[in-house]
1. Just name the residue that is modelled with the lowest pLDDT out of those in segment 71-85 that are within 12 Å of the ligand (Cβ to nearest atom) and more than 16 Å from VAL303 (Cα to Cα).
2. Among the residues of segment 110-150 satisfying the criterion of being modelled with pLDDT under 90 and among the basic types (Lys, Arg), which is nearest to THR279 (Cα to Cα)?
3. Take ILE296 and tell me if it is within 30 Å of LYS206 (Cα to Cα), modelled with pLDDT of 90 or more, touching a helix residue (DSSP H, G or I) at 6+ places or on another chain (Cβ under 8 Å) and of a type outside the set (Gly, Ala, Ser).
4. Do we find a residue being exposed (fewer than 13 other Cβ atoms within 10 Å of the Cβ) and touching a residue at least 60 places away in the same chain (Cβ under 8 Å) anywhere in segment 145-163?
5. Examine segment 250-273 for a residue that is near the ligand (Cβ under 9 Å from one of its atoms), touching a Ser or Thr at 6+ places or on another chain (Cβ under 7 Å) and at pLDDT below 95, and state whether such a residue exists.
6. Of all residues in segment 34-70, which are within 16 Å of the chain's Cα centre (by Cα), modelled with pLDDT under 90 and within 11 Å of the ligand (Cβ to nearest atom)?
7. For segment 86-125, enumerate the residues that are more than 15 Å from the ligand (Cβ to nearest atom) and either part of a loop (DSSP other than H, G, I, E, B) or crowded, with 21+ Cβ neighbours inside 10 Å (or both).
8. Starting from residues that are β-branched (Val, Ile, Thr) and under 13 Å from TYR253 (Cα atoms), keep the ones in segment 274-295 and report whichever is nearest to the ligand (Cβ to nearest atom).
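The values are calculated or read from the model by the stated rules, or taken from the named source; none is laboratory data. Just so you know, these numbers come straight off a predicted model, no measurement behind them. A quick note on method: Cβ atoms are made from the backbone with ideal geometry, for glycine too, and the neighbour counts reach across all protein chains shown.
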Amino acid sequence: MKPVITIHWEDCPQKTGMNTGNFEILDHQLSAGTKGLLFNGDAVKTIEYLKENDIRLDFVYMDPPFGKNKKFTGRNREMEYTDKSPDEILSLLYMVFSGLKGIMNPKGSIVVHLDNVLGASVRLLMDYIFSPENFRNQIIWSYKSGGRATRSYPKKYDILLWYSMNKREWFFNSEESVTESTKCLECGQKLGRNHMKTVALDNNKKVRVIKSAGKTYYYDAEKHPLLTDVWNDISHLHQLDPERTGYPTQKPYNLLKRLLKIHVPPGGAVGDFFCGSGTSLVAASESGFRWIGADINPDACDVAWKRILKIEGESVSEVDRFILR
Ligand SMILES: C[S@@+](CC[C@H](N)C(=O)[O-])C[C@H]1O[C@@H](n2cnc3c(N)ncnc32)[C@H](O)[C@@H]1O
């Protein structure tokens, strides 16, 4: 695969006013194996642009602002962005989802990362746009960090809503849908199999046995336990986590790596139109997938770009990112 290539500012049709030729550049570069494109622009506009250029994606992860109507400030207060009201986010997502329908491959999937504020409303919106038949899972990502509420239960999870693009077929790499450890990294508890006995069969194969409701179930002892829709083995980024870039609301690399391994076909293309510090783009780049990222905040694009440069090294020293206004 070629190193990351971005379209130079001069090639941007919005700037030059030339519509012919520039589209070809984008199309040609993507089909020629370009790994990634980073747009400093609005999610809806970026999606429209991809549609005009007939660019298709296999998987979209997005972690939009959570509708908390407040300012998010990063470590050392050097970077921030302002969240919007729940209504504003829902209107924005309505346009984003409607646009995505036109750029997804038929076996593609969309995963939207939310918390309790908008989780229920966005699910209804996605049902409306993508159909309830295409709802596949609501993944609960639970973690230990965060506040200690005293007047209600402390909120300790985010929601990942997964929709496929059709109800019959979607890409899902079940081989990768396993926990890497039988132990929860944070809580130290055993996951899944703590109540199973291991026995050897006549052919020496080891299986784990569990009895439930009068039935006996056997599991291959050599294989990792399957992931369920509750993930509690990936930690939130702690204040001093070396992975932290200083960009507020940055998500853990391991969360994105897991999602991409399961949902993106070999050589597939990943989109993230609220990419922030670029965690999904970094995970895509390191896993050998192509990617398209966008964020309206130039600070976010700077951080994301620097992270990408670290992976791709010298090969991208003279590139510029694509500015879409
Ligand atoms: C929750 S953060 C994403 C964090 C990211 N997942 C990470 O790991 O760093 C949401 C991002 O959406 C961006 N954003 C807000 N409105 C946008 C819009 N209309 N188009 C594109 N990006 C937008 C914000 O600038 C912010 O960086």
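1. Looking at residues that are within 12 Å of the ligand (Cβ to nearest atom) and more than 16 Å from VAL303 (Cα to Cα), I get LYS71.
2. It comes out as LYS144.
3. Working: within 30 Å of LYS206 (Cα to Cα): no; modelled with pLDDT of 90 or more: yes; touching a helix residue (DSSP H, G or I) at 6+ places or on another chain (Cβ under 8 Å): yes; of a type outside the set (Gly, Ala, Ser): yes.
Answer is no for this residue.
4. Checked segment 145-163: at least one residue is exposed (fewer than 13 other Cβ atoms within 10 Å of the Cβ) and touching a residue at least 60 places away in the same chain (Cβ under 8 Å).
5. no
6. PHE66
7. LYS101, GLY102, ILE103, MET104, GLY108, SER109
8. THR279
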